[in-house]
Amino acid sequence: MVQEIGSTGPLGYQVSLHGQGVGPGMVIYYPRGRSVLRQQQSRAQEHTSFTIFVPPQNVTISIEPLQPREGDTVNLECWSGSSNPVAYIVWWKEGSLLKDQHQSQTVEAAHGGTSTRSRISVPVTSADHRSRFTCEAKNDAFQRSVQEHVILNVFYAPVFVTSGKVVEMIEGRSGEVNMTAKGYPEVHTYRWSKSGSFIPRRIESYSQLPGVTSDGAVLHFNQVSRHDSGAYTCVAQNAEGSASATLTLNVLYPAVIFNITESIEIAEGESAQLECSADGNPLSEDTLTWRRQDSSGTPLVSINSEPGHSILTVSNVTRKDAHVLECVADNGVGPPSVRAAHLIVLCKYCMQLIIS
């Protein structure tokens, strides 16, 4: 039989024990913890003093400042509930242990126990927004622990996930690009512009018209033309500030020959030069090539080319060089563009004129 005869609180009791088997080393279980009987029994008295070992029942976390902004240093404090023996505290961030980053102290707590206080200081950036910090407390007498966590909300101006993005589209096609920015509080305004002129908002009734429109963070391209190419600027804004990002649209279109030496007369033994120019996107040194019309497309050499312009030189011409030549523009976008050039060779005894 156990009879309570005096109490100093849940952590320390004096009881009177009667019956067979009463003695030091007994263990008594309580709902809130395991009680280990101390060997302090007095034969002159029919009672035994013992101390209850109790784990920390809870932890409490506080944050200062309550609304941290990017660049602030956040102080997180954690208090453990009264325990015996003293509890020790560890901190976790997103499941990773924060070693040697906190300061701890102990104070007397309720019912003769001890409370542990731990503090960490964390410089925060936008990357720390919605981070989970966990305080865990336990003592050496028990295998279990108690935890509490907080989610850190960091106030920061908008940040674009991507900037300087380049988008390629073929002329006549449609598409859209999302340039959503992160921020806390959430971004409430997006503004799009090109060369200082604002891009109109997308309206459903006009959504099928060719051109560029915007809808929040999304830029819509409908049947784009080469004139839509260029840099577009997006400005995102929330209560903390604003940020801008650039999107470059590169509209691809087929190469088309707009100028060629259509006919040239050259004396036998001299050199002839034929020029060909084309517009298109993209253009490279390989965009323009030359060939003989009647030689199954055999390419010609001795070419001086640059993007969009090519010069074919035929040295020391003979009457056998008199041909219809073709300039071919092909940039891989759409069908090739082909135009003819006539090389006329003059000689003393003959003139051979090649007519297409």
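No lab work stands behind these numbers, since they all come straight from the coordinates. This one's a predicted model, so the numbers in the text were calculated from it and none came from an experiment. Heads up, the Cβs are rebuilt from the backbone with ideal geometry, glycines too, and the neighbour counts pull from every protein chain shown.
Before moving on, here are some points about what is shown:
- Per residue, the average separation of C-alpha pairs within less than 8 Å and at least 6 apart gives region 96-154 a relative contact order of 26 percent.
- Cβ-derived FRET efficiency at R0 41 Å, GLU168 paired with ARG292, nearest 0.05: 0.75
- Local electrostatic count at TYR184 - Lys and Arg +1, Asp and Glu -1, tallied over other residues with Cβ under 14 Å: -2
- Annotation note: trypsin sites (Lys or Arg not before Pro) in region 45-142 located in DSSP loop regions with a Cβ neighbour count of at most 12 within 10 Å are LYS99, ARG130.
- Pairwise label distance in nanometres, ALA267 with ARG117, each label 7 Å out on the Cα-Cβ vector: 10.8 nm
- Within the shell of other residues whose beta carbon sits under 12 angstrom from the beta carbon of ASN259, the net charge comes to -2, with Lys and Arg scored +1 and Asp and Glu -1.
- With the biggest extent put first, the Cα atoms of region 69-141 measure 43, 20, 19 Å across the principal axes.
- The alpha carbon gyration tensor of region 71-201 gives principal lengths a ≥ b ≥ c with a/c of 1.5 or higher and a/b greater than b/c, which makes the shape prolate.
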